[in-house]
1. Simple spin-label model, 7 Å along Cα-to-Cβ: residue 51 to residue 3 in nm?
2. So what's the gap between the Cα centers of the range 14-37 and the range 62-112, to the nearest angstrom?
3. Two decimals is fine: what's Rg over Rh for the range 15-67, C-alpha atoms, Kirkwood radius as Rh?
4. Could you tell me what % of all Cα pairs in the chain have separations over 16 Å?
5. Using only alpha carbon pairs under 8 Å that are at least six residues apart, calculate the relative contact order of the range 1-54 and give it in whole percent.
6. I need the peptides 25-31, 77-83 ranked by packing, meaning the mean over residues of other C-beta atoms within 10 angstrom, with the highest value on top.
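None of the figures in this text is laboratory data; all of them are computed from the coordinates on show. These numbers come from a predicted model, not from an experiment. Positions of Cβ are generated from backbone atoms using ideal geometry, with glycine treated the same way; all protein chains shown enter the neighbour counts.
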């Protein structure tokens, strides 16, 4: 993979920290699949992801995402990160990311409390 996945991951996580929905959508393919512990069957497509992120960010305190490590895999990368939640709390998370060019086609998010 010619992409600098560590830089890509850091830039992407910075958009999560900023709660920047338009900026995040720029990372995802139009027909992306997104799954996290709060989206039982996952989400497909920009419109559904935009709606989900808009409500998620409105309902959550400030959260600071810090990249930890990235590993290239065929077709994408895996990335581990930490998230510090305003008011207390810390999460460790892991993303499985499959790319279509430089856009995220599949993003599976795994999270647990620290």
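1. 2.7 nm
2. Between the Cα centres of the range 14-37 and the range 62-112 lies a distance of 11 Å.
3. Details: Rg = 10.9 Å, Rh = 11.6 Å.
The Rg/Rh ratio comes out at 0.94.
4. Values: 3795 of 6441 pairs.
The share of Cα pairs beyond 16 Å in the chain comes to 59 percent.
5. After rounding, I find 27 percent.
6. Packing order, densest peptide first, comes out as 77-83, 25-31.
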